[in-house]
Amino acid sequence: MPTKALNRGMRLSFMIVTLFITSAVNTAVDAQEAPTIFGDVTIGPQFSPDPLTVRGMSGGSISGSQVGGRSETATGPCTGFVDETPDHTLALTSKFDYLKLQVQSPEDTTMIIKGPGGTWCNDDFEGKNAGIIGEWLAGTYKIWIGSYEKDKYLPYTLKITEVK
């Protein structure tokens with residue numbers, strides 16, 4: 001009998017350890033797949049994964065035209081309301097011939113980007129959400145994601161891709 005009890009105890013201990021390891025591995029995999037919240041990103045050409053995604057909450061109490069320093073840019077109007085500090089910082093280690101940043105949200109969003117070469121704003125890229133595409137110089141870009149109503153905060157995902 002003591003041998004049976006010992007074997008049963010060992011099997012139970014082995015099962016508990018296996019479940020713990022499996023749970024830890026699944027949690028690590030899920031953490032890697034979930035987009036970063038308010039993440040800062042550093043990328044170079046042919047980055048992986050592509051698309052790269054980060055999440056956040058749009059909105060704030062400062063007008064987009066105040067942060068953008070103008071009411072309109074070549075890529076669209078500087079509208080909506082944002083926080084004083086940027087939601088994301090995007091550091092490009094070298095020039096990109098083509099890069100697309102696109103907001104995905106259930107609500108209407110706006111975008112302001114300040115970086116090498118100027119300021120770009122957008123409010124309706126493809127549908128109701130903001131996005132900007134084009135050639136990008138190496139350097140650091142500050143990105144604000146806004147909402148149309150002052151102090152209204154909405155969840156979003158920012159997708160960064162080299163795919164046309």
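The values are calculated or read from the model by the stated rules, or taken from the named source; none is laboratory data. Predicted model only: the values in this text are computed from it and were never measured. With ideal geometry, Cβ positions are generated from the backbone for all residues, glycine too; neighbour counts draw on all protein chains shown.
Data overview
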{"read-out": "All positions within segment 122-133 that are part of a strand (DSSP E or B) and at pLDDT below 95", "value": "E126, N129"}
{"read-out": "Where a residue in segment 78-105 is farther than 21 Å from G64 by Cα and its partner, wherever it lies, is crowded, with 22+ Cβ neighbours inside 10 Å, with Cβ under 6 Å and at least six apart", "value": "L92/W136; F96/W136; L99/W136"}
{"read-out": "Residue that is assigned by TED's automatic domain parsing to the domain that holds L52, in a loop (DSSP other than H, G, I, E, B) and either under 13 Å from the mean Cα position of the chain (by Cα) or charged (D, E, K, R) (or both), where the choices are P106, P86, P155", "value": "P86"}
{"read-out": "Tally, over segment 45-58, of residues that are among the acidic types (D, E) and either assigned to a strand (DSSP E or B) or farther than 20 Å from F125 by Cα (or both)", "value": "0"}
{"read-out": "Segment 122-146, residues that are in contact with an Asp or Glu (Cβ under 7 Å, 6 or more places away or on another chain) and either farther than 14 Å from G76 by Cα or of a type in the set (A, V, I, L, M, F, W, C) (or both)", "value": "A130, E135, I143, W144, I145"}
{"read-out": "Test: Y141 is farther than 17 Å from V163 by Cα and not hydrophobic (A, V, I, L, M, F, W, C)", "value": "yes"}
{"read-out": "Selection count where residues are within 19 Å of I160 (Cα to Cα) and surrounded by 23 or more Cβ atoms within 10 Å (Cβ to Cβ), scope segment 67-119", "value": "9"}
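Here is a yes/no grid of residues against (1) part of a strand (DSSP E or B); (2) over 16 Å from the mean Cα position of the chain (by Cα); (3) among the acidic types (D, E):
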{"site": "G60", "(1), (2), (3)": "no, yes, no"}
{"site": "S65", "(1), (2), (3)": "no, yes, no"}
{"site": "R70", "(1), (2), (3)": "no, yes, no"}
{"site": "K100", "(1), (2), (3)": "yes, no, no"}
{"site": "W120", "(1), (2), (3)": "yes, yes, no"}
{"site": "W144", "(1), (2), (3)": "yes, no, no"}
{"site": "D151", "(1), (2), (3)": "no, yes, yes"}
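So that you can scan it fast, the table gives a plain yes or no per residue for (1) under 14 Å from P106 (Cβ atoms); (2) touching a Gly at 6+ places or on another chain (Cβ under 8 Å); (3) touching a residue at least 60 places away in the same chain (Cβ under 8 Å):
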{"position": "P116", "(1), (2), (3)": "no, yes, no"}
{"position": "F125", "(1), (2), (3)": "no, yes, no"}
{"position": "K128", "(1), (2), (3)": "yes, no, no"}
{"position": "E135", "(1), (2), (3)": "no, no, no"}
{"position": "A138", "(1), (2), (3)": "no, no, no"}
{"position": "Y141", "(1), (2), (3)": "no, yes, no"}
{"position": "W144", "(1), (2), (3)": "no, yes, yes"}
{"position": "L158", "(1), (2), (3)": "no, yes, yes"}
{"position": "E162", "(1), (2), (3)": "no, no, yes"}
